[in-house]
Structures are given as structure tokens and as C-alpha cells.
Amino acid sequence: RATMKSLRFISAEAFVSNAEFARKSLSGVAHNLFPLLFKASYLLEQGEVIHDLVENWPLVDFNMGKLLGTTVDCQEDLSHRTCSVCLESCLTGLRDYVLNHPSPYMNRLKVVDLTGIKDVEVQFCECKKTMGRWARTQLLSKLCLELLVYLQQTPGTFEISVDVLIDLFVTERNYELVVQALLKKCYCPLKICCVAFRSDNLALQKFFYIIKLTDPSLLRKLEIVHNVRLEMEHLEILFNSIYFPLLMSLTLPARTFNVRRFTATDEQMLTNIGEKMGEMTQLTELSMSFSILTGRLSSCFHQTVKSSPFPLKTPLKVLDVSNCSLNHADMAYLANSFHANHLEALDLSGHNIPDLYPSIFFKLLSNSSSVLRSLTLEDCNIQDTYVNMLILGLSPCQKLQEFKFLGNPLSSQALKHLFTFLCELPMLKNVEFPVPRDCYPVGITYPIDDASLCRFDHQKYESVAEELNLILLQANRKDVKASTPLFGSYDAAVQETNNELGAYLIKSFKETLEKFTTSLNK
């Protein structure tokens, strides 16, 4: 793929392409050329050169996002390349920076920022082997502990101190290693600074222990997701015991809330949680999918926070309340709240919008239309008869970049009609559309279960998909990517740890069967 490169960058590529020569010559390279050489080495996957550049880094900071992003010398953004060769060379180079610089007067590096790396589905690196967030967490923790072992034998290197900003991803499998690295952080020259924390497949007790070790005062993003059994009472304990002053994004696991079995105590608990969230002055992103919140959405954004007439002191920009059993009152609250005017990404999947609240949904769309970038309406029972209304609602959303509506019972004809309209949205880049209803056997019921999801006429689907892409092409919208990911959008974190998650699910299923068998025997 051709990209604009300056003569300086082309020269840098030529320099690093001979790894042996480049490594020998680094001592004579001007300090301000190190970032240029780093990006050139990363593009060409010159692992040994990357290692030596980092080992001898002469500048105060090392910011991966800025180094690999679009620059004057090379417009190609490499921050989405999680190349295993390059990232391992980078991190081992950082370890060796500490080991081979005994004098504090030779050290300038103070901050390493690894948070700008983006995990994506398609990799363009030659090796095709990625190092995801979980593996980066694992390797950095391992290297920190290796350094500590070395320092016990070689005192003096303690004078080096480098803050390493990273998005940690912890599961049962790497928990012990990360805990050890965090416990001994104050003794290690490389100081792990957790900016974002994701927890999957982890016992609740272990989650509570490790989250305190991360230094929550620095945390900007917290994701508690699959197989972490966090319920409302645990969330109240978390918020009462730990303060998150910089938290901007919060994702809670499925079934955190279930208002169907609420007592008076639960009502008070929900109010307390709402108040604590109100004190998070930076919070702008909230995901509470697969909880049951019927009639209680306003309680989550509690309105009695001192000094603030609003549910949260900062308006939400991202909200995911998919499959939360919202009723008309919840939707009315959301449409009329001050959040509506600021929502840039909204997920209302799993709600029967046409039947339950068509007019109030349009009010919500209208209020958010000036800023809305991403809209997800999967499994919302949107049928052919509702398409014209949907087009009417989406028309003001001129900044919409992403529209996902998988799992809706729409015919091929309705999809063509909708796509003709979507071509008119100037900022649109990504569309995820359902397999047309007429590709499935007659009598199929929605939402379609996983077993039936793939039982459609694939040849007919390909034909329809071709027609839809032709509509985009004829409207000169090659920039729009249209696809049907049957089992949902790509999730880099799930993809990286799917074996562990799968093993956990099998173990849980086995335990359930054993309990059931024991009960039968009794």
C-alpha cells in the first residue's frame, strides 16, 4: 500500500534495513533521529534494531502511540500493528535499558507510554503473529520480576526510575504473575502505571485484591467483563472502598443489576451506587449490558448528588444499555436527560423499539443527532414496515460513522432501500447488516438462536450482499465497509483469551452437571 514518505524516512528505512550495520552505527546517530529510526524499524519489522534503539533511548519520553502514529515523515499509522516481533523487541530493549545504564547521569528516559497501541482484527505485519493486550501485560510483568532478581545481585541500578503506562488485562491465568509485579513495583526501576484495567475470568476476591494494587487514583478505564461474578452489592462495596478520581470509562459484567428481585434494601443500594457514580467527575463512558434495569435507569444516574442538579456531573458520551429490559419510562428519561445531547455512541440492542417506544426513540435520536457517531440496534425487531420511519429518524444524524443492526428481520428489498439512504450519510464508514430474512427458511423466528444462525441460503445471501455493495459503489461510497459478522463484532480481548474462557465455560458446565446428578441421586 503506497503511503507518503519523506526523503528522511526513506533514508531511515535504508539505514535500518541492514540490521548489523545499523546496530553498530547507533552510537553515532543524533538523538533527534531515534524516533524516525524507530518507526522505520517497526515498519520493516527489524526486531534487533528496535531492541537496540530502545536500549539506548536518549530522550525523556517514549510514547508508542506518537512514535507509530501519523508523522510528517511517514503518514502511515502503525499503532494498530501489534506485531509480536516488534513489541517483544521493544519491551526487552526497555529491560536492557535498565540493566546496561548503571550511571543515573546517562539516563534521560522517564516515561514510557504503551497505551497508544490498538488491537485490531487484520494485521499487516509480515510475521502475522500478534502480541495482544493480555500478552503485553504478561511480558511486562515477567520482565519487571526478572529485573528484580538481577537487582538483588547487582545493587545500584535502583537509581533508575521509569514510569511505564500500560493497559493491563488480567485473567486467572496471568493473575499471580501480575500481582507479584504490582506488589514489588516500588522496588523495580520500571514502574507499572495502570491507566486502564480489564478483568476477565477472575474470582471476585482476586479482582478486589488486584484492583487495589493498580493504584486506582490513576485509572481512566475499568472493564469488568466475562466470568467475573460482580453483583450490585459487590459494586457498592467497590465504590465505597475505592475512589476513582480519573475514571472516564466503566464497563460492568452481565447481570450486575437485576431489579426483578429488588427489595427496599436493594433500592437504597442502587441509589448509593448512583451517588458514587455521580462523584466520578470524569466519567463519560458507561456500559451496563445484559443487566435488568426495567424502570430504574434514572436511579443509576442518581439525581441527588450534592452541588449537581444532574444525574452525573459530566454528560455521558458513550452509553451501552443493550439487553437491559428498558421500559418506556427509562427511554423517556434518557431522551429527556442532558446526556442525550452529548451521546456520541449508543447501543440499545435487544429492545423491541418499534413496538415499545417508537416516538420517544426518535426524540432521543433527534436530541443526539448533532454528535452521534455510532449507533447499534441489534435484535431490535426492526421489520420492513419500520424502515421508512428508521430512515426518517437517522436523517438528521449527519455525523454517523458506524451503524450496526444485525439480527433484525429485514428482507433483501428493505435492506436495499435502507442502503440507498445510508449512502447519503457523509461520515459513514462502517455498516453491519443482518442476513436478509428471505435467506432463511420460512417460519424462522427472531431473535434467531445460535444453532439456526448459519442455516440460511448462502448463495442468495452473497448475491444480496453483492447488490448492496453495488449500491454503495454506484453512489461513489467505496469508503463504506459493509459486512455481516454473524456472531458479533470482533473483540480483540476475547479473541486473545478465548481458549481460557472456553475452558472455564466447560468447567462451569461440568460442575453444574455434577451438582444436578448429585441432586438426582439424593
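The values are calculated or read from the model by the stated rules, or taken from the named source; none is laboratory data. In this text, all values refer to a predicted model and were calculated from it rather than measured experimentally. Positions of Cβ are generated from backbone atoms using ideal geometry, with glycine treated the same way; all protein chains shown enter the neighbour counts. For accessibility, only protein heavy atoms count, side chains too; no ligands or nucleic acids. Shrake-Rupley method; radii C 1.70, N 1.55, O 1.52, S 1.80 Å.
If Lys129 satisfies every condition in (1) at pLDDT below 95; (2) more than 22 Å from Tyr97 (Cα to Cα); (3) open to solvent by less than 30 Å² (accessible area, probe 1.4 Å) but one, which is the exception?
Failed condition: (3).
Of all the helices (runs of 4 or more DSSP H) wholly in region 444-505, which have at least 2 residues that are closer than 30 Å to Ile117 by Cβ?
Filter on region 444-505 gives 492-496.
Only one of these conditions is not met by Pro447: (1) closer than 24 Å to Tyr490 by Cα; (2) of a type outside the set (Gly, Ala, Ser); (3) open to solvent by less than 10 Å² (accessible area, probe 1.4 Å). Which number is it?
For Pro447, the exception is condition (3).
Kindly evaluate Phe405 against the criterion of being open to solvent by less than 80 Å² (accessible area, probe 1.4 Å) and without any contact (Cβ under 8 Å) to a residue 60 or more places away in the chain.
yes
Name, by its number, the condition in (1) modelled with pLDDT under 95; (2) surrounded by 22 or more Cβ atoms within 10 Å (Cβ to Cβ); (3) farther than 19 Å from Pro189 by Cα that does not hold for Arg81.
So Arg81 meets the others, but not (2).
So, in region 317-374, of the ones that are part of a loop (DSSP other than H, G, I, E, B), open to solvent by 30 Å² or more (accessible area, probe 1.4 Å) and of a type outside the set (S, T, N, Q), which residue ends up nearest to Tyr386 (Cα to Cα)?
Checked region 317-374; the qualifying residue nearest to Tyr386 (Cα to Cα) is Gly350.
Just give me the residues in region 385-394 being more than 17 Å from Leu356 (Cα to Cα) and either among the hydroxyl-bearing types (Ser, Thr, Tyr) or open to solvent by 10 Å² or more (accessible area, probe 1.4 Å) (or both), in sequence order.
Residues satisfying the conditions are Asn388, Ile391, Leu392.
Given the criterion open to solvent by less than 50 Å² (accessible area, probe 1.4 Å), more than 24 Å from Ser370 (Cα to Cα), among the hydroxyl-bearing types (Ser, Thr, Tyr) and modelled with pLDDT under 90, identify the matching residue among Thr304, Thr294, Thr265, Thr271.
Exactly one of Thr304, Thr294, Thr265, Thr271 is open to solvent by less than 50 Å² (accessible area, probe 1.4 Å), more than 24 Å from Ser370 (Cα to Cα), among the hydroxyl-bearing types (Ser, Thr, Tyr) and modelled with pLDDT under 90, namely Thr271.
What number of residues within region 392-414 are under 29 Å from the mean Cα position of the chain (by Cα) and either outside any loop (DSSP other than H, G, I, E, B) or on the phi > 0 side of the Ramachandran plot (or both)?
Residues flagged as under 29 Å from the mean Cα position of the chain (by Cα) and either outside any loop (DSSP other than H, G, I, E, B) or on the phi > 0 side of the Ramachandran plot (or both) within region 392-414 amount to 6.
For Arg373, state whether it is on the phi < 0 side of the Ramachandran plot, among the basic types (Lys, Arg) and either at pLDDT 95 or above or under 26 Å from the mean Cα position of the chain (by Cα) (or both).
yes
When you check Lys399 against the structure, is it closer than 22 Å to Arg477 by Cα, in contact with a Ser or Thr (Cβ under 8 Å, 6 or more places away or on another chain) and among the basic types (Lys, Arg), yes or no?
yes
Kindly provide the set of residues from region 216-242 that are outside any helix (DSSP H, G or I), closer than 20 Å to Ile192 by Cβ and either basic (Lys, Arg) or open to solvent by 10 Å² or more (accessible area, probe 1.4 Å) (or both), ordered by number.
Arg220, Lys221, Glu223, Ile242
Just one of the numbered conditions (1) over 18 Å from Ile117 (Cα atoms); (2) in a helix (DSSP H, G or I) is not true of Leu59; which one?
(2)
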